[in-house]
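Working notes, structure below.
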Amino acid sequence: MAEEVVFIKRFILRKLINLGKIGGSHTAVFNLSKGLPNHIRSNKKGQKEIEQAIKELVNGQFLLSKQSTNEQHVSINPRKIKEIKEFLGLQET
């Protein structure tokens with residue numbers, strides 16, 4: 001299970017960086033799982049892993065979370081960009 005959660009965390013972080021959802025620019029949590037492989041999104045175990053990955057990213061302060069229009073929205077924490085890039089194996093430019 002831990003291996004899938006790490007995969008999901010990396011997927012979410014890459015997705016948010018590619019979309020430019022850093023700091024004040026945010027997206028709804030339900031958008032984060034879009035694009036994940038069907039075998040993860042389509043069952044209860046996968047849904048729990050997605051929820052766990054999001055929770056770990058928020059608790060680790062990689063993601064900022066806020067309520068907006070009665071939904072939870074998240075964005076990349078700009079103060080953690082260096083750590084996020086290290087986690088993703090990207091080179092700092």
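Read-outs: derived from the displayed coordinates by stated rules, not from any lab. The model shown is predicted, which means the values in this text are computed figures rather than measured ones. Here Cβ is always computed from backbone atoms with ideal geometry, including for glycine, and neighbour counts include all displayed protein chains.
Which residue is nearest to Leu63 (Cα to Cα), if the candidates are limited to segment 25-41 and must be surrounded by fewer than 16 Cβ atoms within 10 Å (Cβ to Cβ) and among the hydrophobic types (A, V, I, L, M, F, W, C)?
Filtering segment 25-41 for residues that are surrounded by fewer than 16 Cβ atoms within 10 Å (Cβ to Cβ) and among the hydrophobic types (A, V, I, L, M, F, W, C), the one nearest to Leu63 (Cα to Cα) comes out as Ala28.
Exactly one condition in (1) over 20 Å from Ala2 (Cα atoms); (2) touching a strand residue (DSSP E or B) at 6+ places or on another chain (Cβ under 8 Å) is false for Leu32; which is it?
Leu32 satisfies every listed condition except (1).
I'm checking my understanding of the structure. Among residues of segment 3-24 that are of a type outside the set (A, V, I, L, M) and surrounded by 16 or more Cβ atoms within 10 Å (Cβ to Cβ), which one is nearest to the chain's Cα centre (by Cα)?
Here the answer is Lys9.
Go through (1) of a type in the set (A, V, I, L, M, F, W, C); (2) out of contact with any strand residue (DSSP E or B) (no Cβ under 6 Å at 6 or more places or on another chain); (3) under 16 Å from His26 (Cβ atoms) one by one and return the number of the condition Val58 breaks.
Result: Val58 fails condition (2) only.
For segment 25-62, which positions are under 12 Å from the mean Cα position of the chain (by Cα), basic (Lys, Arg) and more than 19 Å from Asn77 (Cα to Cα)?
Hit for segment 25-62 is Lys34, nothing else.
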